[in-house]
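Since every read-out is calculated from the coordinates, none of them should be taken as a lab result. This one's a predicted model, so the numbers in the text were calculated from it and none came from an experiment. Don't worry about glycine lacking a Cβ; one is built from the backbone with ideal geometry, like all the others, and counts go over all protein chains shown.
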Amino acid sequence: MSLHHIHRSDRTALRKTWLPALIVLAACVVVYVFYSWKPGNDANHADDNTLQIVAPPIFDEPIEPISAPTGLDALKVALGQTLFHDPRLSRDNTVSCASCHDLQTGGVDHRVRSFGVGNAVGDINTPTVYNSGFNFRQFWDGRAASLEEQAAGPILNPVEMASSWEQVIAVLEADPQMASRFRAIYGGPATPARVMEVLAEFERSLVTPARFDRWLKGEATAISDQELEGYLLFKRHGCATCHQGRNVGGNIFQRFGVMLDYFADKKVEKADLGRFNVTGREEDKYVFKVPSLRNVALTAPYFHDGSEASLQEAVAIMGRYQLGLDIPEEEVRSIVLFLHTLTGEELK
């Protein structure tokens, strides 16, 4: 799980030497003390490796619970759902949003890289669409500021849906039922902005409360003691420094390879450069939006490059490259058990 050293654009040479390691070490100490020490409870002191299976008050937790969404426009959600599954948004009527974001398989297609029109291969692993409304930016490199902006990306991308707004709007307006639905909502025809808006409204409806949310809300038996032990380890090792908030991630940028160079033995491709592709700033190389861990047990393969098929090994890799830790195998297994509690209860 990626740790501290949150990207700051104004740090250069100093940041590249000893400062990252110092910051990460300090963060580990703070996270450990904050989540492990309780006044009057010697068993939780830093020199004792015993984990206390206690459900702290919700305000102590780095992860926030989520609930089923409210306040969405039902007509927009329904139209967005139709468009999400409509391959006519692609140039040759073969690829829909759901082709890569399969809602039956965790909102992903389980490929290292997805296929677009004409079997064109994408350049990065497809992230889940579930809970994407909680992300502070969209895409791995954060280039889209909203779900509306994101919705246009695949439609226009030449290796995804490879279409144009002219073609999409012509298709929708030529369909009497589809044209009627747009007029019922907007009082006018389909437009690019309206297509993006209804797609985004549907995606905001894809919220997946899990057992862990019930535990956060006070239902102590919602997760097992072993799963809770995994959560305590998740916090103790510092994973929660970046994987926190409502989406257990998705709200900050982070360098992939804080403690070790993840790309040292790899052929670096454009997609590996992450945020650099958006900003052009040298310090943004290998910086990505921290992915959400909700439904992570369903969304293999892992990382932006789809290089790891095993969730257990993905946890171990994060320990080494982000935390500088070789997490014991039995602790990795416990953390993985915790991660399974983040699977939406309706997605099992």
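With 20 Å as the cut-off, how large is the P(r) tail for the stretch 167-312, expressed as percent of Cα-Cα pairs? Taking all Cα-Cα pairs of the stretch 167-312, the fraction more than 20 Å apart is 66 percent.
Taking a straight Cα-Cα cut-off under 20 Å and skipping sequence neighbours fewer than 8 places away in the same chain, the aspartates and glutamates within cross-link reach of Lys217 are Asp60, Glu61, Glu64, Asp225, Glu227, Glu229, Glu345, Glu346. A simple spin-label model places the labels of Thr70 and Ala145 3.0 nm from each other, with each point 7 Å out along Cα-to-Cβ. Diffusion coefficient (Stokes-Einstein, Kirkwood radius over C-alpha pairs, 20 °C, 1.002 mPa s) for the stretch 59-163: 144 µm²/s, rounded to a whole number. Our estimate of slack between Glu269 and Thr94, defined as 0.36 nm per intervening residue step minus the Cα-Cα distance, is 60.2 nm.
Distance between the modelled labels on Ser307 and Asn119, one decimal in nanometres: 2.7 nm (7 Å Cα→Cβ projection). The packing ranking of peptides 161-168, 286-293, 121-128, highest mean first, is 286-293, 121-128, 161-168, where packing means the average number of other beta carbon atoms within 10 angstrom of each residue. With a cut-off of 11 Å between beta carbons, the residues surrounding Glu148 carry a summed charge of -2, where Lys and Arg count +1 and Asp and Glu -1. Summarising the amide proton neighbourhood of Ala144: residues at separation of 5 or more, or on other chains, whose placed amide H is nearer than 5 Å comprise Gln138.
Counted residue by residue at 0.36 nm each, then reduced by the alpha carbon distance between them, the extension gain from Glu345 to Leu260 reaches 27.0 nm. Projected label points at Trp165 and Ala78, each 7 Å from Cα along the beta carbon direction, are separated by 2.7 nanometres. One chain, two ends: Ala193 and His110. Fully extended at 0.36 nm per residue, the span grows by 26.9 nm beyond their Cα-Cα distance.
Lysine pair count for the stretch 233-348 with Cα-Cα distance under 22 Å and sequence separation of 8 or more or different chains is 7. Computed over every Cα-Cα pair of the stretch 123-238 and binned at 5 Å starting from 0, the pair-distance distribution P(r) comes out as 2, 9, 14, 15, 14, 13, 9, 7, 6, 6, 4, 0 percent. Could you tell me how far the Cα centroid of the stretch 192-207 sits from the Cα centroid of the stretch 115-136, in Å? Centre-to-centre (Cα) distance: 15 Å.
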